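The values are calculated or read from the model by the stated rules, or taken from the named source; none is laboratory data. Treat the numbers as computed from the prediction; the structure is a model and nothing was measured. Cβ coordinates were reconstructed from backbone atoms using ideal geometry, including for glycine residues, and neighbour counts include every protein chain displayed. The area values use the complete protein model at the heavy-atom level, side chains included, leaving out ligands, DNA and RNA. Shrake-Rupley method; radii C 1.70, N 1.55, O 1.52, S 1.80 Å.
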Amino acid sequence: MESPALASAQDALRRGAWAEAVRGFLATLEGDEAPEAREGLAQAYWWLDDGDESLASREAAYRGYRKRGDDLGAARAATSLAWDAVLFGRGAAVARGWYARAADLLQDLPVHAEHGWHAVRGAELALTLDDDTDAALAAARVAGAIGRELADDDLAFAGQAYSGLALVMAGDVDAGMRLLDGAVAAATAGDVADPMWMGKICCWLIVACRQSQDIERAAEWCARVEAMSAARELAPLTTVCRIQYAAILVSRGSWTVADAQLRRTLDTLSGSRRESRVEAVAELGELRRRQGRLAEAEALLRQAEFFGPAVVSRARLRIDQGESTAAWLDLSGLLDAIPSANLLARAAVLPTAVAAAVAIDDLDDARRLAGELDAIARRVATEPLRGFAAAATGSVSSGAPELTWWREAVRRFAASGLRYEEAHSRRSLADALAALGDVAGAAEQRAAAAAILDELGVRSPTEPTGLTARQREVLRLIARGMTNADIARELTVSEHTVHRHVANILVKLGLGSRTAAAAYAAREHLI
């Protein structure tokens, strides 16, 4: 029979009175080493963001249930430990071990809600650890079916929402969003009782919006979920929401507000072991890269070394610094690890991978990846993704088609409010115009790009000339009187690549001709 002290502590947990719940569970444990008290204590510490105490309490609950012979309780604890191992940085191997242990305990038991929650966690692990949309969708559908069979609304809507997220990541955005919309409507209307699952369902919708580049919708939901989380003192969910919102602000060019959000979040997470801290560090690193604060960006991105978005940001840094081969190796390895079915995870990497392939003159791979990105953009059909696809296709084109693609990229980025991408696409459009002899049009686009970057507060590169190592090498060869064909043979690259380097050199130096570039190189003692 449940003791009054345990009942009181569990009531505090349901009310969201986390510190009161901790005191209540600890008081209960003074008289009775009940695994239910350890399990409740673990959840209260989870909300208080004390990862070590939460994990230790959950493991103690597992041992207590096993000692009692309660396999269902032990499986429940093991299932929670599987996800918390990821959340608090214990690693994928530990997570998989706990998940497998829970599966063993559940396999001979009649169907309970625990089977459904095990499936939900399986869906999360499949997408988080393996980017496997097929496995995630299958597990989420099992969870939803069990929830409906048992009339467990929390479980049914969690399964529905994660099915929606998996579909979105697989590129079926309309079907996925319909499932997410329905689940979120239920969660915010009170049909989902557990505040953790209510919050996670809403966060999954935000993730789906961000991944599909539905920026406006993501911003709206970030604001709503943060308000809801703050009102109910759901600090971990508030933190996640702030990181998502900051990422949107970075994309939209609201860098001052994004900077404040991210630094505030990192202060909050200073002693935390949550994976969300790595995400915040990576996002701040990307912001510093865009701002031109390259040394700070490098230091931050190193802290998030193995986090996918940080790998992409650091690769972009390397391309800008002339280390394109290293960038290509990192990005091709990252793409190799993402299943082809996970369209949106691949779409997040492809624009930078195309840039790296072009930079090392691997035009076959660049065209192949640009084609893949274009196919994804046509299927998902959001303006930002179409803009990235147009830019990628423009970077592997030449002549009039190149001009057309860069105009489309500029238009779509402008329509999406992605000012940083718009500015860089305008620079590339200027190069294409200059190559076709439209000097005035090129000057107009360069001026527009410069105005946007100045408005955003982008710093000038630390290298005095603003040139990469490869561009300085090309400039020295220009100064020696070599043609593009000569330079291509000297550097073992295509004339197309040399043409791009020359155009970028003239743009960066503000010069109108190769003769002026050669004179500049002599004046600055670069030869």
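In the chain, helical runs assigned H by DSSP with n ≥ 4 each contribute -39500 (n - 2.57); averaged across all residues and rounded to the nearest 500, the mean residue ellipticity at 222 nm is -26000 deg cm²/dmol.
Legend: calculated FRET efficiency, ARG476 to ASP181, from the Cβ-Cβ distance at R0 = 35 Å, rounded to 0.05, equals 0.05. Once you have the Cα-Cα distance between ALA193 and THR128, take 0.36 nm times their residue separation minus that, and quote the gain in nm to one decimal. Gain on stretching ALA193 to THR128: 20.9 nm. Note on the range 338-450: Rg/Rh from C-alpha atoms, Kirkwood Rh, equals 0.98. Amide H contacts for GLY322 (H built 1.01 Å from N in the peptide plane; partners 5 or more residues away or on another chain; cut-off under 5 Å): ALA469. The range 12-38 and the range 300-360 have Cα centres spaced 46 Å apart.
The Cα atoms of the range 226-350 cover 48, 35, 28 Å along the three principal axes, with the biggest extent listed first.
Expressed in Å, the radius of gyration and Dmax of the Cα atoms of the range 355-397 are 10.1, 30. Axis of helix 92-106 versus longest Cα principal axis of the chain: the two differ by about 30°, to the nearest ten degrees. Toward the positive end of the charge dipole of the range 59-100, with +1 on the Cβ of Lys and Arg and -1 on the Cβ of Asp and Glu, the farthest Cα among TYR62, SER80, ALA92 is that of TYR62. If you split all Cα-Cα distances of the range 281-378 into 5 Å bins from zero, what percentages do you get per bin, shortest first? In order of increasing distance, the bins hold 3, 15, 24, 24, 19, 11, 4, 0 percent.
The phi torsions of the range 143-158, fed into the Karplus equation with coefficients 6.51, -1.76 and 1.60 and a -60° offset, translate into couplings of 4, x, 5, 5, x, 5, 4, 8, 6, 9, 5, 4, 5, 4, 7, 5 Hz, rounded to whole numbers, with Gly and Pro shown as x. A 1.4 Å probe, protein heavy atoms only, puts the accessible area of MET198 near 10 Å². Extending 7 Å from Cα along the Cβ direction at HIS112 and again at ALA260 yields two label points whose distance is 4.9 nm. Rounded to the nearest 10 degrees, the inclination of helix 308-320 to the longest alpha-carbon principal axis of the chain is 10 degrees.
Semi-axes of the equivalent ellipsoid of the range 48-120 are 20, 14, 10 Å, computed as sqrt(5λ) over the eigenvalues of the C-alpha gyration tensor in descending order.
Between the beta carbons of ALA19 and ALA485, assuming R0 = 51 Å, the FRET efficiency works out to 0.10 to the nearest 0.05. The calculated Kirkwood hydrodynamic radius for the range 90-193 is 13.8 Å, given to one decimal from all distinct C-alpha pairs. Relative to the longest principal axis of the Cα atoms of the chain, the long axis of helix 439-456 makes an angle of roughly 30 degrees. Residue ranges 428-434, 213-219 sort as 428-434, 213-219 when ordered by packing (mean number of other C-beta atoms within 10 Å per residue, highest first).
The gain in end-to-end length when the ASP70 to SER398 segment is fully stretched comes to 111.3 nm, 0.36 nm per residue minus the alpha carbon separation. Converting the Cα gyration tensor eigenvalues of the range 371-523 into ellipsoid dimensions via √(5λ) gives semi-axes, longest first, of 28, 18, 13 Å.
State log₁₀ I(q)/I(0) for the chain at q = 0.08 Å⁻¹ as given by the Debye formula over alpha-carbon point scatterers of equal weight, solvent excluded. Once normalised to I(0) and log-transformed, intensities are -0.57. Legend: residues ARG293, ARG274, ARG63, sorted from most to least accessible area (1.4 Å probe; ligands, DNA and RNA excluded), read ARG63, ARG293, ARG274. Taken over the Cα atoms of the range 1-97, the convex hull encloses 87 Å³ per residue. Label separation (ALA516 vs ALA337): 4.6 nm, computed from points 7 Å beyond Cα along the C-beta direction.
Counting every pair of alpha carbons in the range 386-442, the share spaced more than 15 Å apart comes to 37 percent.
Computed over the chain, relative contact order equals 8 percent, with contacts defined as Cα pairs under 8 Å that lie 6+ residues apart.
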